[in-house]
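We did not get these values from a lab; they are worked out from the coordinates using the rules stated. These numbers were taken from a predicted model, which means no experiment stands behind them. So basically every Cβ, Gly included, is an ideal-geometry build from the backbone, and we count neighbours across all protein chains shown.
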Amino acid sequence: MELLIFAYDTCIMTYLWLFIYVLFTVCVYKLFRWILTLPRIGSTSDRYVLITGCDYGFGNLLAKKLDKMGCRVFASCLRKDSADKLNEETSDRVTTLEMDVSSPQSIRRALGLIQYWLPKGKGLWSIVNNAGILGRPGFIDWLNVEDYKHVADVNLFGLIDVTNVFLPLVKKERGRVILMSSFLGRLSLPCSTPYAVTKYGVEAFADGLRFSMAPFGVSVHVLEPGFHKTNIGDTSVIKSNIKDSWERCSDDIRKQYGDSFIDKMTKVLDGPGALLVAHPKHVVNAYKHAIFGLFPKTRYVVGLDANILGVPLPYLPGAISDMLLTLFIPQPNCIISMVNSTH
């Protein structure tokens, strides 16, 4: 009996020390990672950064942040009124211009302007490919191929075109390319597949670009944020767009999902979805570190939802991750009817 008690106590102590060791290791690792975020590169006043999508949201906030740091910024906006407003809110270190990233002609016109504005022999320290749209949300059988093309023209092909066109200016400075992806570039949620398709593409492009540019001293960094309080992450806008997609569905599709399905989806956005929406300053800080950090990360996962869903779920077996998602995402009416009929 005493031998059993001794073995039990020994086992408990072993697990306790193992837990302490793991906890200590994690804390040391986190401290080391935090220390690496502190050093910054030298002067920012002689560095030029191009940011796309500065009408509002992350790009707008980043342009203002870099302005306060003394950095020279080319802030591109889709709309002239947005460019004029940003110009009024910033110093002369920020130069605004109009650029539609889905238009090759607009991108090349912007290139000509920036080459003219840059001092002789100077290039771009960084391109921040921030411009993006959510596109039309909805389940696969609610959408058509044009919905995929619309969001891909901005989020993927526009990003690739901007990068390729301005890349020679970045190579001149041995600078950095920053790409806006998403945690949905790791995990596709059922109601945002067109958006996720573009972000998976961004991840693939980033990997290829990083390997290709390394010999030229150009580094590539990807941001993978969750939902934040911007126009894209505005739950009221998302709910409205989902309802538009629902109204566009055929009577047969709506019958399969059930009349109450759209109400259930909006409740998800009002409940758990709304709780996970974070402040955009965290993404802006990640951008800032990717641009000026001495030891920038290859990928920045930003936000509670991105870390909870985007990091662990893709590594789980598909059946398990699908089962976990069904706990939060409503099921079509026909599936519920089939389950009930079996009992």
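Residues Trp17, Trp125, Trp117, Trp142, arranged from fewest to most other Cβ atoms within 10 angstrom of their Cβ, appear as Trp17, Trp117, Trp142, Trp125. Extension gain, Lys149 to Ile308, is 54.3 nm, computed as 0.36 nm per intervening residue step minus the present C-alpha separation.
When shorter helices are ignored and each DSSP H run of at least 4 residues is given -39500 (n - 2.57), the per-residue value for the chain at 222 nm works out to -16500 deg cm²/dmol.
Per-residue extension of 0.36 nm, minus the Cα-Cα distance of Lys122 and Ile35, leaves a gain of 28.1 nm for this segment. Can you tell me which lysines have their Cα less than 27 Å from the Cα of Lys264? Leave out same-chain residues fewer than eight positions away. Of all the lysines, those that pass the test against Lys264 - Cα under 27 Å, at least 8 places apart if same chain - are Lys199, Lys229, Lys239, Lys243, Lys255. Separation of region 98-150 and region 219-245, taken as the distance between their Cα centroids, equals 17 angstrom. Taking the chain on its own, what percent of its Cα-Cα pair distances exceed 28 Å? So the pairs more than 28 Å apart make up 50 percent of the total in the chain. Distance between the pseudo-spin-label points of Asp81 and Leu23 (7 Å out from Cα toward the beta carbon): 5.6 nm.
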